[in-house]
1. For region 9-36, give me each residue that is of a type outside the set (Gly, Ala, Ser), over 16 Å from ALA242 (Cα atoms) and open to solvent by less than 10 Å² (accessible area, probe 1.4 Å).
2. Filter region 60-83 for residues that are in contact with a strand residue (DSSP E or B) (Cβ under 9 Å, 6 or more places away or on another chain) and either among the hydroxyl-bearing types (Ser, Thr, Tyr) or within 12 Å of THR12 (Cα to Cα) (or both) and give the result.
3. Filter region 1-28 for residues that are farther than 26 Å from THR111 by Cβ and in a loop (DSSP other than H, G, I, E, B); which is modelled with the lowest pLDDT?
4. Return the residues of region 231-254 that are open to solvent by 30 Å² or more (accessible area, probe 1.4 Å) and among the polar types (S, T, N, Q); say none if nothing qualifies.
5. Restricting the search to region 277-312, which residues are touching a Ser or Thr at 6+ places or on another chain (Cβ under 6 Å) and either open to solvent by 60 Å² or more (accessible area, probe 1.4 Å) or modelled with pLDDT of 95 or more (or both)?
6. Considering each of LEU63, LEU93 in turn, give the residue that is free of Cβ contacts under 8 Å to residues at least 12 places away in the same chain and of a type in the set (A, V, I, L, M).
7. How many residues does region 255-266 hold that are out of contact with any helix residue (DSSP H, G or I) (no Cβ under 6 Å at 6 or more places or on another chain) and open to solvent by less than 20 Å² (accessible area, probe 1.4 Å)?
8. Kindly check whether there is at least one residue in region 190-202 that is open to solvent by 20 Å² or more (accessible area, probe 1.4 Å) and within 30 Å of VAL115 (Cβ to Cβ).
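The values are calculated or read from the model by the stated rules, or taken from the named source; none is laboratory data. For clarity, every value in this text was computed on a predicted model and none was experimentally measured. Cβ placement follows ideal geometry from the backbone for every residue including glycine, while neighbour counts extend to all protein chains displayed. Each accessible area value is taken on the protein alone, full model and side chains, heavy atoms only, with ligands, DNA and RNA left out. Shrake-Rupley method; radii C 1.70, N 1.55, O 1.52, S 1.80 Å.
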Amino acid sequence: MSEISKVPVLVTGGAGYIGSHAVLALKDAGWPVAVIDNLTTGFRFAIPDGVPLYEGDIEDGELLARIFAEQGTGAVMHFAGSIIVPESVENPLKYYHNNTAKSRALIEAATKAGVPHFIFSSTAATYGVPETSPVTEDTPRNPINPYGWSKLMTEQMLGDVSAAHDLNYCALRYFNVAGADPEARSGQSTAGATHLIKVAVEAALGKRESVSVFGTDYDTPDGTGVRDYIHVSDLAAAHVLALEALIEQPQRSLTMNCGYGRGFSVLEVLDAVDRVTNRPINRVLQGRRAGDPDSLVSDPKRIQSTLPWQPKHADLDTIITHALAWERKLSDLR
């Protein structure tokens, strides 16, 4: 790949879980980076020294205009948003506000400022309950909850804005993100998180009494749901490579799945946590949750053929080991 201009990048939600890892990946690779975060779910400690933090909201057009001018922003990586699926069903307007309306404000501000590149944190929830797995990018998008719809609407906005303005974009549809920075500089810090591996390592360290297994009658080898778990640092690396691809070909926009193409069941994940920690977790078998598909596994062929992306941590025990190390460190930070 030829040498590209490392433009200043504004990371929205850069004090959150995935955003903070993207900040680390950008900084490690020598990109100038700044963060905007309202710190409702993010943590100031997640932002590395020397990275400017603008504490504010992405729907504040005046603040964004000032940031773009001060930083000379050449690209936006957009992670800010709400991500809890059951909450989106109970409070859909929160999700359409935080994820759709605020994204519209951010895209408008970027367009007004002439920011040419935009990377969007999307989700496999845009597919709903796919009829086939592995899931390709051409699988019909049919969300079954407001979270998935709120993200799909933002993808649609980006497509339409890209057609009308000098803006190219990449929408990355994540599967199940897990793990933590291998150097324990950041990790999943949210209290009450619902991610299985986060919950399981909390239980292994005595922070929870048990782990609930929702549904044991799925059409899978052991009856529990199968998911594609991607290490957060591999996901962050994909964002940096996607940005390089947008800069190299400014007329091209991209939509790509982010996963490994390998699924693990809930019980396989819990067995792996038991193995890594050498401490059995108490498991509580419960009924299914509404809308959980039997299996949700990425077909990663498009990202593999489009970007020079070579995951470094595509191993379940490694993901759990890094999550565990962060969980231990988090106890000291609080």
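1. Correct list: THR12, VAL35, ILE36.
2. LEU64, ILE67, THR73, ALA75, VAL76, MET77, HIS78, PHE79, ALA80, GLY81
3. MET1
4. GLN249, GLN251, SER253
5. Once the filter is applied, which keeps residues that are touching a Ser or Thr at 6+ places or on another chain (Cβ under 6 Å) and either open to solvent by 60 Å² or more (accessible area, probe 1.4 Å) or modelled with pLDDT of 95 or more (or both), region 277-312 yields ASN282, VAL284, LEU285, GLN286, VAL297, ASP299.
6. So the residue among LEU63, LEU93 that is free of Cβ contacts under 8 Å to residues at least 12 places away in the same chain and of a type in the set (A, V, I, L, M) is LEU93.
7. So the answer is 3.
8. yes
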